[in-house]
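Working notes for the structure below.
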There are 4 protein chains.
Amino acid sequence: MNMLRFNNDYNHGAHPAILQALQETNDTAFGGYGMDEVCEAAKEAIQQYLQSPCSEIHFLVGGTQANYTVIASILRPYQSVLAAETGHIAVHETGAVEHTGHKVETLPQKDGKITAAQIEEAAVAYETSLIPEHITQPGMVYISNPTEFGTIYSKAELEEISRVCRAHGLPLFVDGARLGYALGAADNDLTLADLARLTDVFYIGGTKCGALFGEAVVINNPELQKCFRNNIKQNGGMLAKGWLLGLQYLTLFRDGLYFEITKKADVLAMQIKEAFAAKGIPSYIESCTNQQFVILENSQMETLAKNHIFEYDRKIDENHTSVRFCTSWASKQEEIDALTADISRL
Amino acid sequence: MNMLRFNNDYNHGAHPAILQALQETNDTAFGGYGMDEVCEAAKEAIQQYLQSPCSEIHFLVGGTQANYTVIASILRPYQSVLAAETGHIAVHETGAVEHTGHKVETLPQKDGKITAAQIEEAAVAYETSLIPEHITQPGMVYISNPTEFGTIYSKAELEEISRVCRAHGLPLFVDGARLGYALGAADNDLTLADLARLTDVFYIGGTKCGALFGEAVVINNPELQKCFRNNIKQNGGMLAKGWLLGLQYLTLFRDGLYFEITKKADVLAMQIKEAFAAKGIPSYIESCTNQQFVILENSQMETLAKNHIFEYDRKIDENHTSVRFCTSWASKQEEIDALTADISRL
Amino acid sequence: MNMLRFNNDYNHGAHPAILQALQETNDTAFGGYGMDEVCEAAKEAIQQYLQSPCSEIHFLVGGTQANYTVIASILRPYQSVLAAETGHIAVHETGAVEHTGHKVETLPQKDGKITAAQIEEAAVAYETSLIPEHITQPGMVYISNPTEFGTIYSKAELEEISRVCRAHGLPLFVDGARLGYALGAADNDLTLADLARLTDVFYIGGTKCGALFGEAVVINNPELQKCFRNNIKQNGGMLAKGWLLGLQYLTLFRDGLYFEITKKADVLAMQIKEAFAAKGIPSYIESCTNQQFVILENSQMETLAKNHIFEYDRKIDENHTSVRFCTSWASKQEEIDALTADISRL
Amino acid sequence: MNMLRFNNDYNHGAHPAILQALQETNDTAFGGYGMDEVCEAAKEAIQQYLQSPCSEIHFLVGGTQANYTVIASILRPYQSVLAAETGHIAVHETGAVEHTGHKVETLPQKDGKITAAQIEEAAVAYETSLIPEHITQPGMVYISNPTEFGTIYSKAELEEISRVCRAHGLPLFVDGARLGYALGAADNDLTLADLARLTDVFYIGGTKCGALFGEAVVINNPELQKCFRNNIKQNGGMLAKGWLLGLQYLTLFRDGLYFEITKKADVLAMQIKEAFAAKGIPSYIESCTNQQFVILENSQMETLAKNHIFEYDRKIDENHTSVRFCTSWASKQEEIDALTADISRL
């Protein structure tokens, strides 16, 4: 029995429709570096959901690359990016943003999220500083949706954040490495059109949402679109065979497959959540998406580890550990059933 | 008729065996970030050709990324990389190396190549400078094989370059984005084992040699191996689904497919070369690999452009233009036949 | 009445002996970029206190420059520097360290200081991480002595920090922008020789300790000495008329003037401290050096501001504010007397 | 006899008036970081020559620092700076510009100068490139006046360069480390007002023109002025005792001393030039400013080296060497007389 199942959402290849598309086009010649008709078609497929004709779409290979390329393309040398202290760029990207020369100024988080009020406070702190030249100037805001804890921003929250960002001239960038799982959550009230309207840049994650790899960066603010392809190339993110990215996004967005498969993963995640809840096992953070963080007794952890693979999150105390169970577009109902049965037997 | 044929060597997907391998493993779960058994197997498959047990192999996505990641991992802040003035890092990577903080100090080239004597001269110039603090210190040497003009280094040349580099403490890095086509050339006398022995770092190009994407970076100098994975991650080159890279290299190297398909492309390129020669059309530079640069009269260029796509290289004079014809692992004999027939009718 | 007095320790020119030395040498020609006999003599003058013949000394212009030049010269691209969350590099240098590509990983502070235990914990956290490639690797430790709050490290504390750093391969760097005031404190038990023995790099601040400008960087670890002049030049810190720096340090260290004038400033600071204590006005942090942070009622603050200039530190509550009073090598007894008299009348 | 005389223009302290000003203000307290009344007065003194009320003036410590700080403040990440292949930033600043992430794209020079036509050609080459994302985008132009060979740009040349730069959206930056010697040359027809009108940024060198140190950066283009102080601080160029820079510039510009002393140096340089010409000794490049490059027979070089110090420039052939003789604001007529007498005896 192959045990790698719930550890993350990037442990399988791609949705079969993507492999099929690769197969079907393998004998066709395409132009290089994303200048091809497949990428154009993929952008059109995405645009039907954006309702934002001025937005530009670029396909990059991975999330860290997308994050630092976007951030470095926006900031002036003396500017920093505001982020939650748990934001992916602040903790799990090997200092990639700092490597481009910029400080990540972190804000305290709650459930992985930051608020419009916090952003405003940080902006005002700089604007009213007596020594502005000696501190970094906030130059943009980074949030992830869903967050690193699986929580999501509501439309009201994003609207308020967007309003504050615009009032203070701070471009808003949403890391959507798992965006499909946010959009598919039962609690979600945001659409891609909302994201296009409320953010300056965001990306639609492919790697964790059905593709072999790929992140579709959507730049809504025309001022930030200038020469973005140059930034991609300089940062090593321009795939020679760019149509491979276009093909995957075309497959995922032509008929809404992206939304369907991520929503299903959220539904399966709720089954896991409920199974733990039924046993009185608490969540570390309440998540409505495909990542579930629960606090297990160490003996429970060992029992579950016999048949299932999941990820260590953090030690809670001598006897308890927070662990992460992920579903994904590749999860199967029978896998969930096996897990929830084992949970119920704990 | 699809005309994109001879413009480059990255206009098709992948060798069918690779797509098949993707298909066969699509239901299997793997560990993330290249820590999986497929990558291990792929490294072993490559190692049989390296005969260099201390070498480390890492799989990156693309060439520009591989180039600047390797270079930035080696140099100290005040050091530069020596390269031919036509080296890819010097002309076609959007200043990616400079973006990491390092100057590319260029040397005059002949047929895209530099010599051991030139490297020695540059090293000595620094070592004997009266103002060493005011100039950049050569910290490594970059060459490409085949070069950007399709020419190749002989074993004798590489041995001499290697000797000079070691005498002056300069790590030698070979960009092998098209390495297969060098190894497959009739004139070639180098092996992967020679490269492992004579260089500090080199890479075995996949993107242009049969894979969907991927470059296998081989670090032979143990001092340069330290924490290279950290560098990959920081530079956005660590693919979440790392086994996709391993799988492609395993397919290409398990049974020598890599050598076979690139050699075939070289053979086909020689047919194009001979067709031009038979018409008295001169080469811009004599190449024995899959890239052929010929000087066409503009009217000839227009005639060939009716049925074939090839790449503009440079204007020679009012009436002549240097253009590039590429074959690749995906080229078919009938395509070459069609082209050579058209050439013969010029 | 000129009111700029207690706001900082860089509000006056230089000790008169320095101006006199400038005058006396103004007609003499010197070699450029610090390659001159005056710099050599200054290094010898400092060396008598270091007792560390293998240490190298370099003169830089300012503190921020010294900090990022040293840090960038030590770290590999994927490494970070550990520092107190209140460390100067973390808060008041416009992200200069991040600008060189490196993250400042901050540790909680107490009285501006960090402990050997905290450093060890951070080192072990990386060494035992399951995902070391995804986080920054601690590559060195930065502390300031005195700290940004005027507190100092004891010999026992520095020995313990040094021991931990060496055990984990972390170079230890001490920012000594105000080092004179630490060495001159009544509570101090460290010497320059201790610093040379226990640290990898430290600097002896001139700008705030009697010079017009200048920081003497002492590199004790031979491995970190390589090509440091190249780093200085590249980072814009190599003064063309380098002897101006040598001349100032020669004047300050030939006969121990440096120690004398900073010690006097500490004595005067203690008079201020005692004056506040006598009125029951609490310190924000207990400092034994030339910076005194006290918590004033806002009405007291306004009263003192009539005759004295001091620096806003932070708001404590609606009615209280922490402010900083600095003495310096330029402070005069009569100025302190005027201040303490006003304090006593609060 | 002290022999260091003609090797460079930064071998002496400062004009006596500057030392006197330092002396007179040494007991006065000033605000930090250039926010003081002396800097304001110095800016006003310079402004009388600029006739450009919207220009901003900032005082930095040195030339390399000024160069890379200005350049990095202007360019976007994927942009390069165009410069003569002999430009100081291209050859003698340890790759400081590349260290900020930007390529220096060099153009062939004549007498150290580049032309409007060359700039236009480079701009058009990018604008018409088929692969703009793969090459660096020219983002500004750097020239030095006088050049590294002592030659100067005429008003007509600068007007034409300025016109081309504006037509192609390329900010024009003039390195004026020796600007005084250009303005003082008999052949010169440029004024500071011309520079303010025709350039986006230029600087008025102090280090080599009478000051202890200092460069006054003048930013004429309002779009480039934003947060320049933040850039200075981040790049280690913000002197804590900023008034030391203001004081020097005030002294040099209050009554035109700057122009007077540099003009005198040019006059003395012409005496050297004529002495060589009278002996039939050729110039390497014809210069009308304080740097004179002449081609000596090696035996002549040895003879002159007995009494005079000058700088090696380059080997011409086995028997001839190009060497540089510099005058400066500190040169005395009797020193020139001694040299010209020795020349006449060759």
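Taking other residues whose beta carbon is less than 12 angstrom from the beta carbon of D:Ala177, and scoring Lys, Arg as +1 and Asp, Glu as -1, yields -3. The residue list D:Thr199, D:Ile232, D:Ser322 was ranked by how far each Cα lies along the charge dipole of the range D:187-346 toward its positive end, using unit charges on Cβ atoms, and D:Ile232 comes out on top.
What is the sum of charges, Lys and Arg at +1 and Asp and Glu at -1, for the other residues whose Cβ falls under 11 Å from the Cβ of C:Ala330? Working shown, then result.
Details: positive: C:Arg5, C:Lys208, C:Lys264, C:Lys332; negative: C:Asp9, C:Glu335, D:Asp27.
Charge balance in the 11 Å sphere: +1.
Of all aspartates and glutamates in the structure, the ones whose alpha carbon falls short of 16 Å from that of A:Lys113, not counting any fewer than 8 places away in one chain, are A:Glu85, A:Glu105, A:Glu121, A:Glu148, A:Glu157, A:Glu159, A:Glu160, A:Asp175, A:Asp187, A:Glu286.
Once the partner protein chains are put back, the range C:48-85 shows a loss of at least 30 square angstrom of accessible area, versus the chain by itself, at C:Val61, C:Thr64, C:Gln65, C:Tyr68, C:Arg76, C:Pro77, C:Tyr78 (probe 1.4 Å, ligands and nucleic acids excluded). Summary value for chain B: 25 percent relative contact order, contacts being C-alpha pairs under 8 angstrom separated by 6+ residues.
Placing unit charges on each Cβ (+1 for Lys and Arg, -1 for Asp and Glu) gives the range D:144-247 a dipole about its Cα centre, and among D:Phe213, D:Gly169, D:Pro146 the Cα reaching farthest toward its positive end belongs to D:Phe213.
DSSP beta bridges confined to chain B are antiparallel in about 65 percent of cases.
Chain A against chain D buries an accessible area of about 1900 Å², both chains summed, 1.4 Å probe radius.
Label points 7 Å out from Cα along the Cβ direction at A:Glu274 and D:Ser283: separation in nm? For A:Glu274 paired with D:Ser283, the spin-label model returns 9.1 nm. Summary for B:Glu85: label point 7 Å along Cα→Cβ; distances to the equivalent points in the other copies, ascending, 0.5, 5.5, 5.6 nm. With the Cα gyration tensor of the range C:261-332 giving a ≥ b ≥ c as the square roots of its eigenvalues, does the rule (a/c under 1.5 for rounded; else a/b larger than b/c for prolate; else oblate) give rounded, prolate or oblate? Here the range C:261-332 falls in the prolate category.
Carbon and sulfur: what percent of the protein assembly as shown's accessible surface (1.4 Å probe)? Don't skip to the answer; put the middle values down first.
On the way: 24590 of 47130 Å².
Heavy-atom surface of the protein assembly as shown belonging to carbon and sulfur, 1.4 Å probe: 52 percent.
Both radii come from the Cα set of chain C: Rg as radius of gyration, Rh as Kirkwood radius; their ratio Rg/Rh reads 0.98.
Starting from the Cα gyration tensor of the range C:15-81, take the square roots of the eigenvalues, sort them a ≥ b ≥ c, and report rounded, prolate or oblate (rounded when a/c is under 1.5, otherwise prolate if a/b is larger than b/c, else oblate). The partial results should precede the final answer.
Numbers: a/c = 2.37, a/b = 1.84, b/c = 1.29.
Prolate shape, in that a/c is at least 1.5 and a/b is the bigger ratio.
Sorted from shortest to longest, the distances between the B:Gln225 label points of this copy and the other copies are 3.1, 4.9, 5.8 nm, with each point 7 Å from Cα along the line through the beta carbon.
Excluding C:Val70 itself, calculate the net charge of residues whose Cβ lies under 14 Å from the Cβ of C:Val70, where each Lys or Arg counts +1 and each Asp or Glu counts -1. Display every interim value, and only then the final one.
Values: positive: B:Arg76, C:Lys226, C:Arg229; negative: C:Glu56, C:Glu93, C:Asp175, C:Asp200, C:Glu215, C:Glu223.
Combined, the nearby Lys, Arg, Asp and Glu give -3.
Counting pairs of alpha carbon atoms under 8 Å apart in space and at least six apart in sequence, what relative contact order in percent does the range C:33-183 give?
On the way: 195 pairs, mean separation 33.1, N = 151.
For the range C:33-183, the relative contact order is 22 percent.
In this assembly of identical copies, the label point of D:Pro282 (Cα plus 7 Å along Cα-to-Cβ) is separated from its counterparts by 3.3, 8.3, 8.9 nm, sorted shortest first.
Surface analysis of the range D:107-146 yields an accessible area of 40 Å² per residue, using protein heavy atoms and a 1.4 Å probe. Its relative contact order, with pairs defined as Cα atoms under 8 Å and 6+ residues apart, puts the range A:96-186 at 32 percent. Per residue, the range B:229-296 exposes an accessible area of 29 Å² to a 1.4 Å probe, with every protein chain left in place.
Using the Cα gyration tensor of the protein assembly as shown, with a ≥ b ≥ c the square roots of its eigenvalues, what is the shape: rounded (a/c below 1.5), prolate (a/b larger than b/c) or oblate (neither)? Taking the square roots of the gyration eigenvalues as a ≥ b ≥ c, the protein assembly as shown is oblate. So which helices of chain D fit the span-like rule, where a helix is a whole DSSP H run, its Cα atoms reach 30 Å or more along the axis, and its mean Kyte-Doolittle is at least 0.0? Span-like helices in chain D: D:257-278.
Taking the range A:189-278 as the region of interest, the number of lysine pairs whose Cα atoms are within less than 27 Å, with members eight or more places apart or on different chains, is 9. Cross-link reach is defined here as a Cα-Cα straight distance under 18 Å, omitting same-chain residues fewer than 8 places apart; for B:Lys315 none of the lysines meet it.
Once you reduce the range B:14-92 and the range D:171-233 to the center of their Cα atoms, the two points are 48 Å from each other.
As an exercise, identify the GluC sites (Glu not before Pro) in the range C:244-343 lying in DSSP coil whose Cβ has no more than 11 other Cβ atoms within 10 Å. Provide the component values of the computation, followed by the final result.
On the way: sites: C:Glu260, C:Glu274, C:Glu286, C:Glu297, C:Glu302, C:Glu311, C:Glu318, C:Glu334, C:Glu335; in loops: C:Glu286, C:Glu318.
Passing sites in the range C:244-343 are C:Glu318.
The values are calculated or read from the model by the stated rules, or taken from the named source; none is laboratory data. Nothing here was measured: the structure is a model prediction, and the numbers come from that model. Here Cβ is always computed from backbone atoms with ideal geometry, including for glycine, and neighbour counts include all displayed protein chains. Keep in mind that these areas ignore ligands, DNA and RNA; they rest on the heavy atoms of the full protein, side chains included. Shrake-Rupley method; radii C 1.70, N 1.55, O 1.52, S 1.80 Å.
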